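*Asks:* Have a look at the structure that comes next, please.
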Amino acid sequence: MLIKACQWLPAAAILAWGGSALAGEVWKCQVGQQIIYSDQPCKTQGDTLNPRALQGNVVDAAVKKPADDGAGAPAAGFRADNRPADNICPGDSEITAMETRASSISLNPEAKAFMQDEVRRARQCRKGQGRYAAADWEISRQAQAAQSSISGGPDGRRRAEDMHSAADPSEGDRIASMREQERAQREAQRRQLQRLQNQPRPASPASR
């Protein structure tokens, strides 16, 4: 069981976890740039803590008040009252940039459709649909950047769609239906091409 130190938890939740750890040791572990608390020994460096030190008024890192996104709205990942949000979403300025990119004439039809879908998904997120983390939208940004690449575009779209499917079940159903339609269309085209190839060719005049 892990508790991220940079995540705000109610005092009762911290006290409850601390009470459950009284039977054993509590470890304060350094994982990258984060400090986490665990009832298991650290895989890297760490120190043993007295479980009674885990009180509701003890925090390891304060949550900083975010700046707005330039349009007067809270920064992505925070609510209007500056509390961390459960659902991390792009801000207004980022969505506007996505809309501009989606209208670019340099994108092929598949890439343009994907960019329009990303705008729609970002707006759905802002309305509370799905459960996204900051890392999810980083996958989306990488996929958006890859749409200018002929070879990297399809792979980027699939990775982003897989991410959306995991974060938003409703969007996952839509993506699965879309992929099934594309698969059926490819299969129909393959069969049509096969029929054309199997048709007997008319005899040439010289062979008559």
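*Asks:* Can you name the residue in the range 114-152 that is in contact with a Leu (Cβ under 9 Å, 6 or more places away or on another chain) and under 19 Å from R179 (Cβ atoms) and is also surrounded by the fewest Cβ atoms within 10 Å (Cβ to Cβ) among such residues? Show your work before the answer.
*Replies:* Filtering the range 114-152 for residues in contact with a Leu (Cβ under 9 Å, 6 or more places away or on another chain) gives 114-115, 147-148.
Checking which are under 19 Å from R179 (Cβ atoms) leaves us with 114-115, 147.
On the way: F114: 24, M115: 22, Q147: 25.
Going through the qualifying residues, I end up with M115.
Residues are listed down the side, and each one gets a yes or a no for (1) farther than 19 Å from A97 by Cβ; (2) of a type in the set (A, V, I, L, M):
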| site | (1), (2) |
| --- | --- |
| A134 | no, yes |
| E138 | no, no |
| Q142 | no, no |
| P154 | yes, no |
| R174 | yes, no |
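*Asks:* Which residues, counting only those in the range 146-178, are assigned to a helix (DSSP H, G or I) and more than 15 Å from the chain's Cα centre (by Cα)?
*Replies:* A146, Q147, S148, G153, P154, D155, D173, R174, A176, S177, M178 - these are the residues of the range 146-178 that are assigned to a helix (DSSP H, G or I) and more than 15 Å from the chain's Cα centre (by Cα).
Throughout, read-outs are computed from the coordinates displayed, never taken from laboratory work. In this text, all values refer to a predicted model and were calculated from it rather than measured experimentally. When we count neighbours, we look across all protein chains shown, and the Cβ atoms used for this are built from the backbone with ideal geometry, even at glycine.
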